[in-house]
1. Quick one: which of 222, 277, 294 is within 19 Å of residue 340 (Cα to Cα) and within 16 Å of the ligand (Cβ to nearest atom)?
2. Please count how many residues of region 209-219 are touching a Leu at 6+ places or on another chain (Cβ under 8 Å) and near the ligand (Cβ under 7 Å from one of its atoms).
3. Can you run down the residue pairs with Cβ atoms below 7 Å, 6 or more apart or on separate chains, where the first is in region 254-268 and within 18 Å of residue 336 (Cα to Cα) and the partner is among the hydrophobic types (A, V, I, L, M, F, W, C)?
4. Against the condition more than 16 Å from the ligand (Cβ to nearest atom) and closer than 20 Å to residue 224 by Cβ, how does residue 75 come out, does it pass?
5. Out of the residues in region 1-46 meeting the condition of being of a type in the set (Ser, Thr, Tyr) and surrounded by 10 or more Cβ atoms within 10 Å (Cβ to Cβ), tell me which one is nearest to the ligand (Cβ to nearest atom).
6. When you scan region 173-192, how many residues do you find that are open to solvent by 30 Å² or more (accessible area, probe 1.4 Å), outside any helix (DSSP H, G or I) and among the acidic types (Asp, Glu)?
7. Where in region 219-328 are there strands (runs of 3 or more DSSP E), lying wholly inside it, with at least 3 residues that are open to solvent by 20 Å² or more (accessible area, probe 1.4 Å), under 24 Å from residue 30 (Cα atoms) and touching a helix residue (DSSP H, G or I) at 6+ places or on another chain (Cβ under 6 Å)?
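The values are calculated or read from the model by the stated rules, or taken from the named source; none is laboratory data. Keep in mind it's a predicted model, so treat the numbers as computed, not measured. Neighbour counts run over all protein chains shown; Cβ positions are idealised from the backbone, glycine included. Heavy atoms of the whole protein, side chains included, go into the accessibility calculation; ligands, DNA and RNA do not. Shrake-Rupley method; radii C 1.70, N 1.55, O 1.52, S 1.80 Å.
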Amino acid sequence: MSELNINFRDIEPYVPGEQPQYPDKIKLNTNENPYPPSPQVKKVLDSFNTDDLKLYPDPNASELVEAIADYYAVDKKNVFVGVGSDDVLAMCFMAFFNSGRPIIFPDITYSFYPVWANLFGVKYETKPLDDNFQIVKEDYFCENGGVIFPNPNAPTGVELSLDVIEEIVRYNSDRVVIVDEAYVDFGAKSALPLIQKYKNLVVVQTFSKSRSLAGLRIGFAIANEELISVLNAVKNSYNSYTMNSLTIKAGAAAIADDSYFKQTTDKIVETRENAKIQLSKLGFEFNDSKSNFIFARHKSVKAVDIFNALREKHIFVRYFNQSRIDNYLRITIGTDEEMQALIDFLTDYLSD
Ligand code: PMP
């Protein structure tokens, strides 16, 4: 090794899902929303004065923070925003997981958690999900440096009940518990009502899925005021201007349009429930998903074979070559037409 690279950071990064460029693609691989964002977002973008870009944005992103606080009926001191929930979660790792003790999360979960742990030098231990991909609550009743899990979990889509979440938060009252609710708006129960009661709970959500704004990058955390001030201190020790002025305005407009949000999330839930019926008929098995994807395996055909066959037809789903889940496909819920194209292809492919 040369003098130059001996001090380089050696780290295995998170690998995001593919963004294929084929014009005829059906993209069911990264849990994006198939519908466009609220028309209010377009209005903001169309009327945005580009001259304003000469100025730095508001470092507190107040307009967006206030819009989120209004929507969830909390104080603005309870809200922190970031560049997608990935940014918010990374800030949480830096802000809260500094005890030296290992943090804990499920063995099958969002694969960014171990990457952040490694990047920030946080020790971690994983706790196995049971055979139905459920979190075993007793595993979280132990000494640890903090807890993080998504609800619904990813990539399984399985929901953990609010009662169990509360038990985990209550047991771990001396350390921070982060509930990553990236997919909560598709029918699961949010832990937000627990925020007033527990000073150690952080709920993280995103505009990328239920608000159709993956490309804009907005995530947020809601928590006790003290935790939010620590997050702001960490952010302001790293980059004061994480949120750009266009995003602040567009995000505020998006969250104010509740009827569009309800209409599109309801539609996705309806399409998902229909897809469950169709996939079962084709011999797929899955746990009940409360997210905008279904995590399924086929009774007799290997997931990787189905994945490759779909890919050849430019239908993209997600496959994880990882222990315990390497025979599953994660299928994002698209439009009715996209799901029908998927089902039509699978019907043909599986009958051969
Ligand atoms: N949490 C989970 C569980 C996710 O699956 C994702 C999407 N990859 C994120 C957080 C991050 O989403 P975003 O940064 O787009 O808000």
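1. Working: 222 fails: within 19 Å of residue 340 (Cα to Cα); 277 fails: within 16 Å of the ligand (Cβ to nearest atom).
Unique residue meeting the criteria: 294.
2. 1
3. Within 7 Å, the pairs are 265/186; 268/186; 268/333.
4. Numbers: more than 16 Å from the ligand (Cβ to nearest atom): yes; closer than 20 Å to residue 224 by Cβ: yes.
So residue 75 fits the description; yes.
5. Taking region 1-46 as the starting set, the residues that turn out to be of a type in the set (Ser, Thr, Tyr) are 2, 14, 22, 30, 35, 38.
Within this subset, residues satisfying the condition of being surrounded by 10 or more Cβ atoms within 10 Å (Cβ to Cβ) are 14, 30, 35, 38.
Numbers: 14: 9, 30: 7, 35: 16, 38: 17 Å.
Result: 30.
6. Summing the residues that are open to solvent by 30 Å² or more (accessible area, probe 1.4 Å), outside any helix (DSSP H, G or I) and among the acidic types (Asp, Glu) in region 173-192 gives 1.
7. Values: elements: 219-223, 284-286, 293-298.
It comes to none.
For every residue, the table says whether it meets (1) closer than 17 Å to residue 105 by Cβ; (2) without any contact (Cβ under 8 Å) to a residue 24 or more places away in the chain; (3) β-branched (Val, Ile, Thr); (4) within 15 Å of the ligand (Cβ to nearest atom).
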{"residue": "129", "(1), (2), (3), (4)": "yes, no, no, yes"}
{"residue": "137", "(1), (2), (3), (4)": "yes, no, no, no"}
{"residue": "149", "(1), (2), (3), (4)": "yes, no, no, yes"}
{"residue": "154", "(1), (2), (3), (4)": "yes, no, no, yes"}
{"residue": "169", "(1), (2), (3), (4)": "yes, no, yes, no"}
{"residue": "173", "(1), (2), (3), (4)": "no, no, no, no"}
{"residue": "181", "(1), (2), (3), (4)": "yes, no, no, yes"}
{"residue": "188", "(1), (2), (3), (4)": "no, no, no, yes"}
{"residue": "202", "(1), (2), (3), (4)": "yes, no, yes, yes"}
